[in-house]
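Peer 1: Sharing a structure here in structure tokens format.
The values are calculated or read from the model by the stated rules, or taken from the named source; none is laboratory data. Only a predicted model underlies this, so the values are computations on that prediction, with no experimental measurement involved. Note: ideal-geometry Cβ built from the backbone for every residue, glycine included; neighbour counts use all protein chains shown.
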Amino acid sequence: MSDGDDNGSIPESFYTNFGLKLRVVWTISSLIAVSTSHYLLQPIISEHKTLDSLVLIDVERQGELCMNKGQVEELSVDRGCIGSD
């Protein structure tokens with residue numbers, strides 16, 4: 001084995017790298033935002049039965065949500081999971 005072989009272990013820099021931490025925080029924030037959007041969209045989509053597709057863009061144009069007919073229908077059906085009116 002060469003001196004550079006780390007036997008499959010993860011280098012310490014992997015845990016202390018600021019760039020990695022920033023990517024993890026960004027990923028978690030993105031997942032929270034998507035989850036919130038999903039929760040808030042469910043009642044709106046359920047009220048608009050004729051909706052075939054949906055495209056939402058945030059104010060800063062950093063995120064875009066596109067849903068086709070099948071995804072809109074699935075979200076409408078999922079409404080039963082969060083409670084009924």
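Peer 1: Identify, please: which residue in the stretch 1-23 is surrounded by 10 or more Cβ atoms within 10 Å (Cβ to Cβ) and in a helix (DSSP H, G or I) and is, among those, modelled with the lowest pLDDT?
Peer 2: Looking at residues that are surrounded by 10 or more Cβ atoms within 10 Å (Cβ to Cβ) and in a helix (DSSP H, G or I), I get L20.
Peer 1: Note down all Cβ pairs under 6 Å where the first residue falls in the stretch 64-85 and is within 14 Å of Y39 (Cβ to Cβ), the second is at pLDDT below 85 and in a helix (DSSP H, G or I), and they're at least six residues apart or on different chains.
Peer 2: S76/S46; R79/S46
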